[in-house]
Structures are given as C-alpha cells and as structure tokens.
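The values are calculated or read from the model by the stated rules, or taken from the named source; none is laboratory data. Please read these numbers as outputs of a predicted model, since none were measured by experiment. When we count neighbours, we look across all protein chains shown, and the Cβ atoms used for this are built from the backbone with ideal geometry, even at glycine. For accessibility, only protein heavy atoms count, side chains too; no ligands or nucleic acids. Shrake-Rupley method; radii C 1.70, N 1.55, O 1.52, S 1.80 Å.
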Amino acid sequence: MIPFDYHRATSVEDAVSTIAEHPDAKFLAGGTNLVDHMKLGIAEPSLLVDISHLFPLQDTEVGDDGALRIGADVRNADLAAHPVVRSAYPVLARALLAGASGQLRNVATTGGNLLQRTRCVYFQDVTTPCNKRTPGSGCSAIGGYVRYHAILGASEHCVAAHPSDMAVAMMALDAQIVYVDADGEHRLPIDEFYRLPGDQPDRDTTLPDGALITAVEIPAPPAGARSTYRKVRDRASYAFALTSVAAELVLDGDVIRSARIALGGVAHKPWRARVCEEHLVGNTVGEDAFDAAAAAELAQAQPVEGNEFKVDLTRRAVVATLTSIAEGDRR
C-alpha cells in the first residue's frame, strides 16, 4: 500500500490552489482511470484533491446562442441521456453509450473521460519500457503487440492510441475545453488540447500543469445537420475501439454542404479527418465519393507491423458511417 493524503475541495479555486501547492497531487472525480493507475503503480500521487461534489461542475446548460455547456463532473450516463444531447448531438450520445460499461458510465465524468490515458498493454505494465510512462526508456509496443495501436500521427517514440469514444465525437463537434488555473479561466479548441506524441509522448495534452478542466462547450449544430457514431471493436461491449468514426453532414439534396469527421482508435489523439472533409464538401453523396474521401485521408497512414489491417478497416468504417447518415440515420 502506497500512502497518500486526501483533500475534499470546497471550491474550484480551492482545488486549483491546493494542486499548486502540491505539484505531484492529482484531481479526483470519478476515479475510473486514476484509481486503476494507482493500483498498477503507474501513478503515485501524494495527495488526491476531490472535486467530485463541486456543484458548478455538474451542470449541463444550453446558452442563448444554442451552444451546449457541459460541466466537467457530469457523468457519462447522464450526458448520454440528456434530451438536448440525444436530439441535437446524436453523435455524442452514441459515442458515450459505446464506451465502457453501464456501471462505469454511471461514475465516469466528462473531464476525466477527456483526460483518460492510453490502454496500451505496455504502458499499463510497469515491468516493461514505455516512453509514455518513463520518458527515454523505449517503446515496447514497436515490434510487439500493436492490434489496438496508432496508424496515424505516431512517432518513433510512441505508437499508442487514445482510448476515448466521447472525445472523438467532441472532436467532430468542434468542442472547446474550458479550464481554470492560477491566472483564471481559459478556453482551448479540442484539436489544440490534444497533441501527437512527437518526442514527448508522456504529454497527452497541452493542458497546463495544475489546471482544472471545468467544462466543455459545444457550438449549436448547423441547421439540418445529421450525425452518428460507429465503433468497430473485437466484441460487442466493454471493449476499446480498433477504429471508430464520428461524423456529421449537412446535405442540400444529395450534395454535401459541410462535413465534420473524426476518427478514434487510430492515433495518439482523436484524429480530425480534415482531408476527408475537404474531399466530401461539394460532392454528391454516394459510396464512391465516400470511399475516395476516406482513402485520401488514410493515404498518410503509417501502420506498424501487426496493425496494417486497420487502414482498410478504417476506410470501410468511414464509408459505412457516411452511408448511414446519407440514408437518414438519426436514431
């Protein structure tokens, strides 16, 4: 047993100031990822700062402009069931319901989901070298078991993939991450919040040290937007994505007026498929157009030995997802 102290924060300001005084402390909300890492020996904080009860972090509100603000402590199950999310952002509701199990969704929080770390088997095994866990020690996945690993944006230092479903949908929806640090409140576009491994794979995000995520803001969907989420995995539930697709289209008849697409399970971060989007806009819906757009995006893929299958699997998942939207799937 590794001892640690516990502090129940009285406010967001108290939580942030306490962390500032204890650099190796961690925020505790649902704990579904952090507690696992403490058990495995990946994380050894000397202090846990409990933010799970802070009321300002538990609200979900729709602004006058139609934007949705989701508190960082909103549980995944509650967010998936929210009537506005179900009606206006079906891609997000479906992504949430595709993640983990019902029991975990009842505990896991929005902020924690954004910050969850890779499920790479070598990252979670402290007996193996891992640059993400111990910078400079090497990447055991390269030349090892890589079925769930990245095919886009990886580096020679890390080929791990981001595990979240929810974050993939939020990437497609152009979410903004709201956080508080000693200098006040700030916002980051989600695509800037996450980072690729480069030569610092131990850093998953650009969130400043000691900062606390307080909310996520998602703009109102475009008029006529259709969206959905598709997850491909080894079993029907409680499994991480081999690949996943979050997509939103706005159609004018059969012509694609706008497209927002993100991929999961294929990169160190939720991957915004901007090349695919550019190829879709202005085109007529159809399998040929969808396939060409997906292939253009995946032309930059660099699979490692053992996960080459994910390139074609992802291409077919994109085509299937866009086809379901074009055919009117908004359930």
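For GLN103, all conditions in the list (1) assigned to a helix (DSSP H, G or I); (2) touching a residue at least 12 places away in the same chain (Cβ under 8 Å); (3) farther than 18 Å from ARG230 by Cα hold save one; what is the number of the exception? Checking GLN103 against (1) assigned to a helix (DSSP H, G or I); (2) touching a residue at least 12 places away in the same chain (Cβ under 8 Å); (3) farther than 18 Å from ARG230 by Cα, the one that fails is (2).
Out of all the residues in segment 228-237, is one or more of a type in the set (S, T, N, Q), open to solvent by 60 Å² or more (accessible area, probe 1.4 Å), assigned by the TED database to the domain that holds VAL311 and not in a strand (DSSP E or B)? Working first, answer last.
Keep residues of segment 228-237 that are of a type in the set (S, T, N, Q), which gives 228, 237.
Those still in the list that are open to solvent by 60 Å² or more (accessible area, probe 1.4 Å) too: 237.
Those still in the list that are assigned by the TED database to the domain that holds VAL311 too: 237.
With the extra rule that they be not in a strand (DSSP E or B), the set shrinks to 237.
Yes, segment 228-237 contains a residue that is of a type in the set (S, T, N, Q), open to solvent by 60 Å² or more (accessible area, probe 1.4 Å), assigned by the TED database to the domain that holds VAL311 and not in a strand (DSSP E or B).
When restricted to residues that are surrounded by fewer than 14 Cβ atoms within 10 Å (Cβ to Cβ) and either touching an Asp or Glu at 6+ places or on another chain (Cβ under 7 Å) or touching a residue at least 12 places away in the same chain (Cβ under 8 Å) (or both), segment 287-298 contains 1.
When LEU79 is tested against (1) of a type in the set (A, V, I, L, M); (2) open to solvent by 10 Å² or more (accessible area, probe 1.4 Å); (3) at negative phi, exactly one condition is not met: (2). For segment 240-275, filtering for residues that are open to solvent by less than 10 Å² (accessible area, probe 1.4 Å) and over 19 Å from ALA167 (Cα atoms) leaves 1. Pairing each residue of segment 32-43 that is among the polar types (S, T, N, Q) with any residue that is surrounded by 18 or more Cβ atoms within 10 Å (Cβ to Cβ), provided the two are 6+ apart or on different chains, yields C-beta distances under 6 Å for THR32/ALA108; ASN33/GLN116.
The residues of segment 10-31 that are under 26 Å from the mean Cα position of the chain (by Cα), in contact (Cβ under 8 Å) with a residue 24 or more places away in the chain and part of a loop (DSSP other than H, G, I, E, B), listed by number, are PRO23, ALA25, ALA29, GLY30, GLY31. Being in a strand (DSSP E or B), of a type in the set (Val, Ile, Thr), in contact (Cβ under 8 Å) with a residue 40 or more places away in the chain and open to solvent by less than 50 Å² (accessible area, probe 1.4 Å), is that true of even one residue in segment 112-130? The answer is no, given that none of the residues of segment 112-130 is in a strand (DSSP E or B), of a type in the set (Val, Ile, Thr), in contact (Cβ under 8 Å) with a residue 40 or more places away in the chain and open to solvent by less than 50 Å² (accessible area, probe 1.4 Å).
So for segment 307-321 (the condition being touching a Lys or Arg at 6+ places or on another chain (Cβ under 7 Å) and open to solvent by 40 Å² or more (accessible area, probe 1.4 Å)), does at least one residue qualify?
Scanning segment 307-321, I find no residue that is touching a Lys or Arg at 6+ places or on another chain (Cβ under 7 Å) and open to solvent by 40 Å² or more (accessible area, probe 1.4 Å), so the answer is no.
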